[in-house]
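J.: This structure is in structure tokens; I'll ask about it shortly.
The values are calculated or read from the model by the stated rules, or taken from the named source; none is laboratory data. Remember, predicted model here, so these are calculated numbers, not experimental data. In this analysis, Cβ positions are derived from the backbone assuming ideal geometry, glycine residues included, and neighbour counts consider all displayed protein chains. Side chains are part of the model used for accessible areas, which takes the heavy atoms of the whole protein and leaves out ligands, DNA and RNA. Shrake-Rupley method; radii C 1.70, N 1.55, O 1.52, S 1.80 Å.
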Amino acid sequence: MNVFAGVGGGAAGKEAGTVGGGALLELTPHKLAVCHLVQVFAPPPQAGVSAPALPFPFESVAHHNRLGLFLFALTRSCEDFREPPLEELLRQLKAVDALVNGWLCEQLTSTLSALTSPDDLFNFFDKLRGVLSAPEGANVEDEFLDPNSQLGVFLRCCILSFNTMTFEGVCHLLANLVEYCNSADTSYDLAEDEDFNSEMEMSNFMDTNMHVRDGVFDKYNQGYAPGSHMGDSSSSLVHAPVSLHDFEEANMFKADDNLSPTCLRSRWQLEAYLNQQADILEKDPSSVPLNSFNATMSQLQKLAPELHRVQFLQYLNALTHDDYVAALDNLHRYFDYSAGMQGLFSRTASPFQDIIVGKYESALLCLGNLHCYFGHPKKALEAFTEAVRVSQMNNDDSCLAYILGAISNLLSKIGMSSTVGTIGSPYSLGNNIGLGTPLSIQQQLLVLLKRSLKRADTLKLTSLLSFDHLSLAKFDLKHVQRPLVSFGPNASTKLRTCPADVCKNLRLSSRVLTDFGTDGLSASNDNGSFSTSWLRNLSSASNSWCSSSKKSRKLLTNDFDNFHFHAQPSPIPASVLQLAGSAYLLRATAWEHYGSAPMVRMNSLVYATCFADAASSSELSLAYVKLIQHLATFKGYSAAFSALKLAEEKFPLSANSHIQLLKMQLLHERALHRGHLKVAQQICDEFAVLSSSVSGVDIELKTEARLRHARTLLAAKQFSQAANVANSLFSTCYKYNMQVENASVLLLLAEIHKNSDNAVLGLPYALASQSFCKSFNLDLLEASATLTLTELWLALGSTHAKRALSLVCQSLPMILGHGGLELRARAHIVLAKCYLSDPKFSVSEDPSAVLDPLNQSAEDLEVLEYHEMAAEAYYLKAMVFNNLGKLDEREEAAASFKEHTLALENPYNEEDSLAC
């Protein structure tokens, strides 16, 4: 029976480097104690004797596994900056030894005390060899400990280290062993259970007070991996107070023993703490105060000057608080002092090497991302261009692949004129096709994406590969891929996007989950958080029977609460889960473009349900936004604003732009429906203020602001001004090649001409919008354009009624299947108007053909409080009832028509439209 087989997950040579930081371990008395415990955990098999189900003195499999996990944590931290003294090790072992009345502790102390000569040490290691190999005549299955497991590799390294020691080294080890044993009090007795009744006392000792405050998200072992091996410098042994993790009280970092108790912390514990802070900055930046966090980091910098990642955390903090000067300063200091050697990437997907960072190109990559975040596209492109040049000079393929991904991400986010070259330096990635024809911005973006994808695939950078597939899906969603050579007999005539390509790239991007663990991504990333957190769990679980108090329950709730010695924690890092979740968010966006509301809701729910723990606040809020938009479209504003209040509690407006934009969108829509035009215009002005003044930055937000401004002018019947704004917006969208947005602008121009009683001029715009929708597979928007085209034909006279009826019937399946309340109500009204405009149609013969759609539209519009369209529906109902001679129904419909008309012409309490 093999226990803990393959725990280390690698070959001996690889694990030797991982565990020991080199070919050999430096033998210490603490490692001798661990070796003895491993021998107790997995005793050597005896020839001719069948191995018992459980070795003595273990009473159950859970008890046996508990010691194994304790040893697993100890071997992971075997090269820490500070090894625990014997007394501390015995107290830690006490949590496992409670079920056998201290037998393990007694055996450990007696065994170590018996090692008094080199011969004793030789016999000790000779017995250890028996743990790893079966005796003569025994079967391989009798092996109890896999030599390639974490514990097996540790024993092999210790045995190899002892075999290479000189006689002087053995004598020195014996002298250290005597000092190690004498460090504990000679009258030391094992503490009784009542000595550890306090959960806080045990936890303080076991975990050196690295408790996580409530609200920290579960992402313990991710972030910025340590760039150097453990044990590089003993100066990282930091004197820090009890409340190290509570950065809101920076004065607790003072090392004065009179102010607060201090303890020594290893680099691993500090790395785990810094990783947690990085997670908080990503997931909940509003909870991190700028000044107090910086004060805490400054104190930590003084205590451990070589922990330069503190400066990188200060850079991230300044970034989340939009402090450009501080962010730039901290980024420069980080690379000036450390050259980035402590690492920016945790681990590549390649099983052969990690990303080589700490070079000039890494600093330029970070600088470009900084400028991109603050809306400086030209400076960002300059930094990326220089980074490309330096990466090519240094043959840094991995960094170059990430730079290509960053450039493509920048080009996809900012608006740039197609007449302006993106990278105009001699080191351009290619700006022509060999025929003297410059590539457009979109073609350059496509070339960059494909090059980055190819490099990521070659270098086995699985995370970057997933990101590039997502970027390609975004590109395929909004751009028609024209061939670089677009003439000749073999030139492609296809001018449509391909949803199959989008779905293919989304599916391939999700393979980051299935590829994880098969190509080196699952290689152990030893940053110490595993050992530290497991020891905390061990101390808490040992006294779980007395955890009825609130404090005890808090101690038991931590990042590895699902461990409990029965299963391994999730091996998938949160960064990988974020990439997999992003695929579902992009699926929701794709279905939003294509017009399938049920699929948008389903993918948003999957993301919010399955990936919420690993998601950043920005992406999680985007999923909430899509769900709330679905409520507004299908359930009305009351349900949407109720859900919005819950989202505001979860995501403060000051820290999340998605929720803020959603609130303004809902308020503007409701104000237009109610006829509160002053409020609608006020919200349009606020939209314009939110966007950056830099050309090309926040181009989508600027487009939405101008589009809403034109709709507000249209509602105010200022047709010429609305047409001017729409024409200007169309020119801007054409300049930046925003073809999807052009379809909406053309449809708006058709609406403007329709409402201004100029149907002839409106027809070309409606047909053009319909053509754009077909090219980009915008099915629901195409159905809306078809409705507008139907109304334009009706405005030309009753002779076009049959054509109009054919068009509306053509769009009804899409509208009734996927459209919201407003679109369905509009379609029902247009259908009724087609019948009423047909001279051959008789209301008395088939009144239900008109009344049924009108009744349905009136119900939907009452929910939306859309006064103008509701008044039209009730007017048509009153006309139909009048022709049928139903006077009571006519008067009722006429009263409703009058109510909505008065509400539209004389709006009151407009301030209510600003309230949720």
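J.: From the cross-link list K717/K877; K379/K702; K378/K474; K650/K898; K504/K626; K474/K833, which pairs have alpha carbons spaced over 31 Å apart?
T.: Long pairs (Cα-Cα over 31 Å): K650/K898; K474/K833.
J.: Which of rounded, prolate or oblate describes the stretch 619-698 when judged by the alpha-carbon gyration tensor and an a/c cut-off of 1.5? Before the final figure, lay out the partial values.
T.: Values: a/c = 2.05, a/b = 1.11, b/c = 1.85.
Judged from the Cα gyration tensor, the stretch 619-698 comes out oblate (a/c at least 1.5, b/c at or above a/b).
J.: With a 1.4 Å probe and all protein chains in place, put M814, M602, M297 in order of accessible area, largest first. Could you put the intermediate results ahead of the total?
T.: Values: M814 45, M602 95, M297 0 Å².
Heavy-atom accessible area, descending, gives M602, M814, M297.
J.: Can you give the extra length, in nm with one decimal, that the chain gains between L767 and S798 once fully stretched, where that is 0.36 nm per residue apart less the Cα-Cα distance?
T.: Working: separation 31, 0.36 × 31 = 11.16 nm, distance 2.02 nm.
Result for the pair: 9.1 nm of gain on full extension.
J.: Here's a follow-up. Per 0.36 nm of contour for each residue apart, how much would the distance between N727 and K645 grow if the chain were fully extended, relative to their Cα-Cα spacing? If you can, show how the numbers build up before the last one.
T.: Details: separation 82, 0.36 × 82 = 29.52 nm, distance 3.69 nm.
Taking N727 through K645 to full extension adds about 25.8 nm, to one decimal.
J.: So what does log10 I(q)/I(0) come out to for the stretch 788-916 at q = 0.10, 0.12, 0.16, 0.20 Å⁻¹, using the Debye formula with one equal point on every Cα and no solvent?
T.: -0.34, -0.49, -0.83, -1.18
J.: Something else: When the Cα atoms of the stretch 658-737 are enclosed in a convex hull and the volume is divided per residue, what value in Å³ results?
T.: 84 Å³
J.: Chymotrypsin sites (Phe, Trp or Tyr not before Pro), restricted to the stretch 756-844: which are DSSP loop and have at most 15 other Cβ atoms within 10 Å? Walk me through the intermediate numbers first.
T.: Working: sites: Y765, F772, F776, W793, Y835, F841; in loops: F776, F841.
Those that pass, being in a loop and sparsely packed, are F841.
J.: On a full-extension model of 0.36 nm per residue, what is the gain between S113 and E26, subtracting their alpha-carbon distance, rounded to one decimal in nm? Show your work: numbers first, answer last.
T.: Working: separation 87, 0.36 × 87 = 31.32 nm, distance 2.06 nm.
Full extension from S113 to E26 adds 29.3 nm.
J.: Right, here's the next one. Can you give the local net charge around A688? Use residues other than it whose beta-carbon is closer than 9 angstrom to its beta-carbon, Lys and Arg +1, Asp and Glu -1.
T.: Values: positive: K702, R706; negative: D685, E686.
Residues close to A688 contribute a combined charge of 0.
J.: Follow-up. Treating only the Cβ atoms of Lys and Arg (+1) and Asp and Glu (-1) as charged, compute the dipole magnitude of the stretch 746-883 about its Cα centre; round to the nearest 20 debye.
T.: Values: 9 positive and 16 negative charges, 103 e Å.
Taking the Cα centre of the stretch 746-883 as origin, the dipole is about 500 debye.
J.: Can I ask one more? What FRET efficiency comes out for the pair C809/E905, r = Cβ-Cβ distance, R0 = 56 Å, nearest 0.05? Mind showing how you got there, number by number?
T.: Working: r = 34 Å, r/R0 = 0.61.
After rounding, the FRET efficiency stands at 0.95.
J.: If you don't mind, there's one more thing I want to ask. Assuming a viscosity of 1.306 mPa s and a temperature of 10 °C, what translational diffusion coefficient in µm² per second does Stokes-Einstein assign to the stretch 585-668, Rh being the Kirkwood radius over Cα pairs?
T.: Details: Rh = 12.8 Å.
Estimated diffusion coefficient is 124 µm²/s.
J.: Assuming R0 = 51 Å, what is the FRET efficiency of R496 and Q301, from their Cβ-Cβ distance, to the nearest 0.05?
T.: On the way: r = 57 Å, r/R0 = 1.11.
After rounding to 0.05, the efficiency reads 0.35.
J.: Still on this model: Quick one: if the Förster radius is 30 Å, what FRET efficiency do A62 and S183 give, using the C-beta to C-beta distance and rounding to 0.05? Please report the intermediate quantities before stating the final value.
T.: Numbers: r = 32 Å, r/R0 = 1.08.
Efficiency, from the Cβ-Cβ distance: 0.40.
J.: For the stretch 681-688, just list the computed ³J(HN,Hα) in residue order, Karplus coefficients 6.51, -1.76 and 1.60, θ = phi - 60°, integers in Hz, with x standing in for Gly and Pro.
T.: Couplings: 5, 4, 5, 4, 5, 5, 4, 5 Hz.
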